[in-house]
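Beneath this line is the structure, given in structure tokens, with notes to follow.
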Amino acid sequence: MAKNTYKADNTPTPPKNIRSNTPSNKASKKEAASENEEAPERSKFAIKEYFQDRRFQLVAGMFIMLFSFALLLAFTSFLFSGRDDQSLVESLWDTSIQDSGREVENLLGIIGALLSYLFIYKWFGLASYLFLPIFFLTGFRIVYQSSPINIGTLIKTTFYFLIWISTTFGYLVLALNEETYLAFLSGGIGFDIAMYLDNLIGWGTPFLLLFFLLAFIIYFFNITKIHWFAPATADAAEVPLAVAAEEETEEELEEEEIEELEEEEEIEELEEEEETEEEEEVEEEEEWVIERKEPVAVKNSSELQIESPVEEPMVQVPAASDELSLVVEKPEEEDGDELPANLENFNYDPTLDLSSYKYPTFDLLNEYDGNKVVQVTKEELEANKDKIVETLSHYNIGIASIKATIGPTVTLYEIVPEVGIRISKIKNLEDDIALSLSALGIRIIAPIPGKGTIGIEVPNKNKEMVSMRSVLSTEKFMKSDKELPVVFGKTVSNEVFVVDLAELPHLLIAGATGQGKSVGLNVLLASLLYKKHPSQLKLVLVDPKKVELTLFNKIERHFLAKLPDGGDAIITDTKKVIHTLNSLCVEMDLRYDLLKDAQVRNIREYNKKFVERKLNPNNGHRFLPYIVLVIDELADLMMTAGKEVETPIARLAQLARAIGIHLVVATQRPSVNVITGIIKANFPARLSFKVSSKIDSRTILDAGGADQLIGKGDMLFAHGDMVRLQCAFLDTVEVERICEFIGSQRGYEMAYKLPEYSDDEAGQEKGDFNFSEKDPLFEEAAKILVMHQQGSTSLLQRKLKLGYNRAGRLIDQLEAAGIVGQFEGSKAREVLIKDEYSLEFHLKGLNQQ
């Protein structure tokens, strides 16, 4: 028995060999058990992650492609050396592999001889060559993530002909009674099937094989009519006569009818083939599963009515079937003046340029644990209700009824005051209610538009994270028929909020640093990428901060547009921003000329006419994609360029709506010198995250409230009515996955080219400058600027004691003469001549002109 040892305070210590049952030991046991349970899950996750590794996929795909070439070599070698190698392969288990490998004659050794023996001699004969395209295209699809042929259709067709060809050769070998020498033609499986059919139906076997071949041709090519034995007059009677001249004879009319009939039949067969291929792909896809979450009902003994709205139906789309298709209406009969007659029955489909393009899938987005219906406890609701009622009662404001609507981040309490209570009295108690609830972000809506109630928005203690996946996968977004659908997040009533950027038509975004402005831009861009084909949408991205939008460089050849100078698609330089904005103005003018020629009023009508082939591309007409200009930080551009940026932005905002150019401008400093009156007047839709002051809130929204938001994606959207939203969260890793998925696919040869823009004003001034009409102080002013190496108007004012207008004219003349550079905003102009000697030489050259 172990002895107890005593310390100085005479407290016994437990023996070392006796296990303690203290709570800490119990907790450690639980932790060990949980770790043992999680170990298999971690191993499964590691295996899954290993197979999803892109490097493993590349190696596996290349191996499968090389394996197909190895089989081709082995099969071909077997045709010449198979009889000699057969005995070695059959006795493989009785001898060593090395000895058999020395004697075998197959070019791939004993492995090639064994594979050829199984595939050709034992199984399918010469039809085994059909396995080669399956292996090669499977590896090709894994490596390049695309395939020129539908793999599913190829596998079905291949296995059909494996059986048919091997059976046909088997019957041939059986009829010739040469199974000893010709067995490689059919293989063992084909010979056995042929023998079974011969014993069953005898001479009917070749007719049965011919019947199966004809059945395959009818189903594969979707043949619905056979005109071999039908009279020509009967066929011609079914087709309406074309427009004929009065001078044509009846025989000529019949010949024309027969030719038109044949052309229409060919077109019908092509359309039916495309429809059958689409139906086969749809059958392979899984059906959409629609789930609806039940509303959370909270019973309350008091007068408080709690509404927890029903979630949007979630559309769970499998990863392999996340493709969207552009549905184009078929046009009516058209005149054949502009286009060939054989194209009139087909609508133009702009997506055919990238027909293999696949839309991003939902599995690229994270699914967070917090993405659940927010659980606001009954105690929290009751406590907030009591405090609101108590605070209002202190000011003699009675309440007839009150109810609560639970949202992702705030709960909306709708109160109906008693008769005779002034609304402004409740509105002035905003700070008192916030003090009693001990909460930030209290906002009073008095009254709620469209309702006879007053709303009080109170932040929840436990806030819900609104993931991008949860809002994109909803039926409201996926089945939206909007031109440019954008999903921002969820409203206070927990409904998914979707707007059409084409109807806004421009959006102004503001918010302090770190409040979710950049995430909001990523959400907007991701919404467009999930719904639009590269042929339908182009993005012009301006990022003065140089780090926010760089991830979208990977989709340059799919969605981005840029100047034809070959620079980066993400525009960061101020001068290039000015040129890009002016280039968009040129594009706008060109598009309006096209609309004028087509006699339409907007881009929808124009593209509809072009799709229906009513506009001839030879006359300069083309399909017009939507162009969305995104500027991440306007304040920096206004500081460095000022009017040079403001003017084209205002011009685009005023005129570009009808021709499909839309602006999204964001800034973290919504002051009046950044968001000027001209810009503000042309941006009817405003989106504001949390700002620092009421003045900023009024600048961006023309109303208060943005300064009382709680941050982290909490925002106000104003377009007519003001709506409070919780912005969806889209992590940088998710944006990178989406861009990599799109960028890895085949794109256009280059980014969409905007029209060239050249700043001709300086050149024109220089060419029009007459040295004889120069200012008397021209040469003295030039010497002053060269001496100080500073092209400043204020410098000339001080040194020459001139007024601003004359000093400005001198600067313009010096610029036209090539002595100072162009205007650079608040900076001084660059002096192009470095010393007085060079200046004198330059002035002599001007005098000689």
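Check off (1) open to solvent by 50 Å² or more (accessible area, probe 1.4 Å); (2) modelled with pLDDT under 85; (3) touching a helix residue (DSSP H, G or I) at 6+ places or on another chain (Cβ under 8 Å) for Thr153 and give me the number that stays unchecked.
Thr153 satisfies all of (1) open to solvent by 50 Å² or more (accessible area, probe 1.4 Å); (2) modelled with pLDDT under 85; (3) touching a helix residue (DSSP H, G or I) at 6+ places or on another chain (Cβ under 8 Å) except (1).
Among the numbered criteria (1) more than 22 Å from Ile710 (Cα to Cα); (2) assigned to a loop (DSSP other than H, G, I, E, B), which one does Pro670 miss?
For Pro670, the failing item is (1).
Check whether at least one residue in the stretch 555-569 is open to solvent by less than 40 Å² (accessible area, probe 1.4 Å), within 30 Å of Ala512 (Cβ to Cβ) and among the aromatic types (Phe, Trp, Tyr), and report yes or no.
yes
For the stretch 684-715, which positions are in a loop (DSSP other than H, G, I, E, B) and surrounded by fewer than 23 Cβ atoms within 10 Å (Cβ to Cβ)?
Filtering the stretch 684-715 for residues in a loop (DSSP other than H, G, I, E, B) gives 684, 689-693, 702-705, 709-713.
Listed by number, the residues that qualify are Pro684, Ser692, Ser693, Asp702, Ala703, Gly704, Gly705, Ile710, Gly711, Lys712.
Name the residue that is modelled with the lowest pLDDT, counting only residues in the stretch 202-228 that are more than 26 Å from Thr153 (Cα to Cα) and surrounded by 12 or more Cβ atoms within 10 Å (Cβ to Cβ).
His227
Output yes when any residue across the stretch 634-653 is closer than 23 Å to His558 by Cα, crowded, with 22+ Cβ neighbours inside 10 Å and β-branched (Val, Ile, Thr), and no when none is.
Restricting attention to the stretch 634-653, the residues satisfying the condition of being closer than 23 Å to His558 by Cα are none.
Checked against the condition, which is being closer than 23 Å to His558 by Cα, crowded, with 22+ Cβ neighbours inside 10 Å and β-branched (Val, Ile, Thr), the stretch 634-653 yields no hits at all.
Being aliphatic (A, V, I, L, M) and closer than 20 Å to Glu503 by Cβ is the filter here, so list the residues in the stretch 651-677 that pass it. Can you show your working first?
Step one: list which residues in the stretch 651-677 are aliphatic (A, V, I, L, M), which gives 652-653, 655-656, 658-659, 661, 663-666, 672, 674-675.
Scanning the stretch 651-677 gives Leu652, Ala653, Leu655, Ala656, Ala658, Ile659, Ile661, Leu663, Val664, Val665, Ala666.
Test of understanding: among Ala502, Ala512, Ala526, which residue is within 29 Å of Pro459 (Cα to Cα), open to solvent by 10 Å² or more (accessible area, probe 1.4 Å) and among the aliphatic types (A, V, I, L, M)?
Details: Ala502 fails: within 29 Å of Pro459 (Cα to Cα); Ala526 fails: open to solvent by 10 Å² or more (accessible area, probe 1.4 Å).
When all the criteria are applied, what remains is Ala512.
Pairs under 7 Å by beta carbon, first residue touching a residue at least 60 places away in the same chain (Cβ under 8 Å) in the stretch 643-658, partner open to solvent by 80 Å² or more (accessible area, probe 1.4 Å) and not in a helix (DSSP H, G or I), six or more apart or different chains?
Ala658/Arg601
Would you call Ile193 under 30 Å from Arg83 (Cβ atoms), touching a Ser or Thr at 6+ places or on another chain (Cβ under 6 Å), at pLDDT 90 or above and buried (at least 16 other Cβ atoms within 10 Å of the Cβ)?
Taking the combined requirement at face value, the residue satisfies it.
Being among the hydroxyl-bearing types (Ser, Thr, Tyr) and either open to solvent by less than 20 Å² (accessible area, probe 1.4 Å) or in contact with a Lys or Arg (Cβ under 8 Å, 6 or more places away or on another chain) (or both) is the filter here; which residues of the stretch 580-633 pass it?
Thr580, Ser583, Tyr606, Tyr626, listed by residue number.
Quick check on my filter: what residues within the stretch 635-671 are closer than 14 Å to Ile509 by Cα and in contact with a helix residue (DSSP H, G or I) (Cβ under 8 Å, 6 or more places away or on another chain)?
First, the residues of the stretch 635-671 that are closer than 14 Å to Ile509 by Cα: 635, 662-671.
Selection gives Leu663, Val664, Val665, Ala666, Thr667, Gln668, Arg669, Pro670, Ser671.
Would you check if there is a residue in the stretch 434-452 being out of contact with any Gly (no Cβ under 8 Å at 6 or more places or on another chain), farther than 15 Å from Arg724 by Cβ and β-branched (Val, Ile, Thr)?
No, that holds for no residue.
Just to be sure I understand the filter: pairs with C-beta atoms under 6 Å, separated by 6 or more residues or on different chains, first member in the stretch 102-113 and surrounded by 15 or more Cβ atoms within 10 Å (Cβ to Cβ), second member at pLDDT 85 or above and not in a helix (DSSP H, G or I). Which pairs pass?
Here the result reads Gly112/Asn106; Ala113/Asn106, each pair linking the stretch 102-113 to a residue that is at pLDDT 85 or above and not in a helix (DSSP H, G or I).
The values are calculated or read from the model by the stated rules, or taken from the named source; none is laboratory data. Owing to the predicted nature of the structure, the values given are computational and were not obtained by experimental measurement. When we count neighbours, we look across all protein chains shown, and the Cβ atoms used for this are built from the backbone with ideal geometry, even at glycine. Quick note on the areas: whole protein, heavy atoms, side chains included, nothing else; ligands and nucleic acids left out. Shrake-Rupley method; radii C 1.70, N 1.55, O 1.52, S 1.80 Å.
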